[in-house]
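Novice: Sharing a structure, written as structure tokens. Questions coming.
The values are calculated or read from the model by the stated rules, or taken from the named source; none is laboratory data. Since this is a predicted model, take the numbers as computed values, not measurements. Reconstructed Cβ throughout: ideal geometry from the backbone, glycine too, with neighbour counts over all protein chains shown.
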Amino acid sequence: MSHTDPDRYVTRLFRTDYPILQGLVASGRLRRVAVSLPGWGKATVFEPLVPVSVHGDHLLRLGHADLKAQIYALPSAAYAAVLRASGDYRQPDGIARLQACFDAPKIDAATFRAELRASLARPLILDSTPHLATADHGGCHATWRPGRTLIIQSGGDWFLALAFSLGVRVTRSPSTSVFGVDLNADPALCIAYSAGVARMIGPRHALLDCLRREHRDRPLSPEEVRVVRALGYASGRVPLEGALRDMLSRAAVVGIEKLDTRQLYATFVERSREQAALDWHVSWLPQALYRAGIRLHRVDPAFSTQACHRHPSHLGIVRGRTFDCPLCTELQHRDANAALNIRARTVIAHRR
Ligand SMILES: [Zn+2]
């Protein structure tokens, strides 16, 4: 990536619209281009030859063709940039209230379901305010570049790559350190800040867990599911963007694991909070660090969970959430040990 390349964030297009996409290719409105995108090795990439516009959290328009897309599944700066540039953006009436209700501590599922149903019973309203974005956008700002949109076909699925000019607005702290990041399903992330200090980022969301459990017996409608996913993604974004801002301010170098993202996407995409964590790990963090001039070090994941960060040549035993090293006197949290291992490996690589 050079400084003139746009920053791209990839979101999903809906399976039911695949025939429309094939029709756009057949009619020449999507033209195949020889562009290779990082992390998308064998994908086929298309450029729209028609205007690209966005009209809601789930609505993309290519010329006159309406496509369902996860427009909300972006970092806050990019999401806000899309809304700012879209004069005809429609959102559920009362989405801000719905989000506050979704994130209220101890909200019960019945109350939330009633709010959701009432909101969706009313027509969508014209509203370009990015209610679901975090207030400080993780220290980033973005300008949307709809003319640089790409459509990706990979492994039988279609994706939307929206393009942005991304900038970082964070004051650098005079003292910086090495960070290590471990990505998990739950909690979303564990970040090691210094030798021996690791913190979990992204606690469980009780209401979302409850709605998922209830979904088997009391299914939400497809439209309700779409709105809940957008709310879950927005809620997951808050601690992730807080962590990003912190790194942009204080990190000398950040270590993350080299991951098989294709395998992770298969397990994570149906779960909005986890999807936000994976998107953060795969694209928001690397791109923001690049724009801020902070080095990213990709660590070999071998034994990051099984080896002790204090005694790296010794393997311990992982039992559920705990890690038991044969030489340490106390048990460790499995994810904290992994994040501290990633940090220690990054420190060694950074010294070279
Ligand atoms: Zn140990």
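Novice: Please specify each residue of the stretch 98-122 satisfying the condition of being basic (Lys, Arg) and either surrounded by 12 or more Cβ atoms within 10 Å (Cβ to Cβ) or touching a Gly at 6+ places or on another chain (Cβ under 7 Å) (or both).
Specialist: Taking the stretch 98-122 first, the residues basic (Lys, Arg) are 106, 113, 117, 122.
Those that are basic (Lys, Arg) and either surrounded by 12 or more Cβ atoms within 10 Å (Cβ to Cβ) or touching a Gly at 6+ places or on another chain (Cβ under 7 Å) (or both): 113, 117.
Novice: So which of 8, 12, 84 is over 18 Å from the mean Cα position of the chain (by Cα) and on the phi < 0 side of the Ramachandran plot? Talk me through it step by step, then tell me what you get.
Specialist: Values: 8 fails: over 18 Å from the mean Cα position of the chain (by Cα); 12 fails: over 18 Å from the mean Cα position of the chain (by Cα).
After applying the criteria, what remains is 84.
Novice: Applying the selection to the stretch 138-197, what residues are among the charged types (D, E, K, R) and farther than 27 Å from residue 271 by Cα?
Specialist: To start, the set of residues in the stretch 138-197 that are among the charged types (D, E, K, R) comprises 145, 148, 157, 169, 172, 182, 186.
Within the stretch 138-197, 145, 148, 169, 172 qualify.
Novice: Where the second residue is more than 9 Å from the ligand (Cβ to nearest atom) and assigned to a loop (DSSP other than H, G, I, E, B) and the first is in the same structural domain as residue 309 (by TED's automatic domain parsing) and lies in the stretch 320-332, which pairs have Cβ atoms under 9 Å and are six or more apart or on separate chains?
Specialist: Taking only residues 6 or more apart or on different chains, the pairs are 322/331; 323/305; 323/306; 323/331; 324/331; 325/331.
Novice: Considering only the stretch 283-321, how many residues are among the charged types (D, E, K, R), within 16 Å of the ligand (Cβ to nearest atom) and not in a loop (DSSP other than H, G, I, E, B)?
Specialist: Quick first cut of the stretch 283-321, residues among the charged types (D, E, K, R) only: 291, 295, 298, 300, 310, 319, 321.
Next, from what is left, pick out any that are within 16 Å of the ligand (Cβ to nearest atom): 310, 319.
Pick out the ones that are also not in a loop (DSSP other than H, G, I, E, B) and you get 319.
The qualifying residues number 1.
Novice: For residues in the stretch 322-352 being more than 10 Å from the ligand (Cβ to nearest atom) and part of a strand (DSSP E or B), which is farthest from residue 183 (Cα to Cα)? Lay out the reasoning, then the answer.
Specialist: To start, the set of residues in the stretch 322-352 that are more than 10 Å from the ligand (Cβ to nearest atom) comprises 322, 331, 333-336, 338-352.
Imposing the further condition that a residue be part of a strand (DSSP E or B) reduces the set to 322, 333.
Numbers: 322: 16, 333: 14 Å.
The selected residue is 322.
Novice: Taking residue 248 as meeting all but one of (1) in contact with a strand residue (DSSP E or B) (Cβ under 6 Å, 6 or more places away or on another chain); (2) in contact (Cβ under 8 Å) with a residue 24 or more places away in the chain; (3) within 26 Å of residue 104 (Cα to Cα), write down the number of the exception.
Specialist: Of the numbered conditions (1) in contact with a strand residue (DSSP E or B) (Cβ under 6 Å, 6 or more places away or on another chain); (2) in contact (Cβ under 8 Å) with a residue 24 or more places away in the chain; (3) within 26 Å of residue 104 (Cα to Cα), the odd one out for residue 248 is (3).
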